[in-house]
1. In a shell of Cβ-Cβ distance under 14 Å around TYR16, excluding TYR16 itself, what net charge do Lys and Arg (+1) and Asp and Glu (-1) give?
2. Just the number please: accessible area per residue for the chain, 1.4 Å probe, all protein chains included, in Å².
3. What residues have an amide H closer than 5 Å to that of ASP22, excluding those fewer than 5 places away on the same chain, when H is modeled at 1.01 Å from N in the peptide plane?
4. Which three lengths, in whole Å and largest first, does the chain cover when its Cα atoms are put on their principal axes?
5. Note the full-extension length gain between TYR49 and ALA33 as 0.36 nm times their separation in residues minus their Cα-Cα distance, in nm to one decimal.
6. Once R0 is set to 30 Å, what does the formula 1/(1 + (r/R0)^6) return for the Cβ-Cβ distance between ARG23 and THR2, expressed as a FRET efficiency to the nearest 0.05?
7. Quick one: pull the percent of accessible area on the chain belonging to carbon and sulfur, 1.4 Å probe, ligands and nucleic acids left out.
8. How far is helix 6-18 tilted off the main Cα axis of the chain, in degrees rounded to 10, range 0 to 90?
Amino acid sequence: MTVMDPRWGSLAQHYYDHGVPDRASLTAVDRAAGAEFMSALARLQLGSYCHLIVEK
């Protein structure tokens, strides 16, 4: 992952380094989990300005 502007990329870097919180299992999903990591990322409520869509 490349963060172009650290002021705005700190949360993305944190998720990349430490995993995405999965509220259903109360654990963090590591990036090594691939599709699971991306699905956990898409399930996050990031705010009204950002939405992630899972395509199949």
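The values are calculated or read from the model by the stated rules, or taken from the named source; none is laboratory data. Small disclaimer: the values here were computed from a predicted structure and weren't measured. Don't worry about glycine lacking a Cβ; one is built from the backbone with ideal geometry, like all the others, and counts go over all protein chains shown. To get the accessible areas, we keep the full protein, side chains included, count just its heavy atoms, and leave off ligands, DNA and RNA. Shrake-Rupley method; radii C 1.70, N 1.55, O 1.52, S 1.80 Å.
1. On the way: positive: ARG31; negative: ASP17, ASP30.
Spelling it out: positives minus negatives among the neighbours equals -1.
2. Details: 4720 Å² over 56 residues.
Ligands and nucleic acids excluded, the result is 84 Å² per residue.
3. Close amide H contacts, sequence-distant or interchain: THR27, ALA28, VAL29.
4. 30, 24, 22
5. Numbers: separation 16, 0.36 × 16 = 5.76 nm, distance 2.64 nm.
Here the segment from TYR49 to ALA33 would lengthen by 3.1 nm.
6. With a Förster radius of 30 Å, E is 0.60.
7. Roughly 57 percent, rounded to a whole number.
8. Approximately 30 degrees, to the nearest 10.
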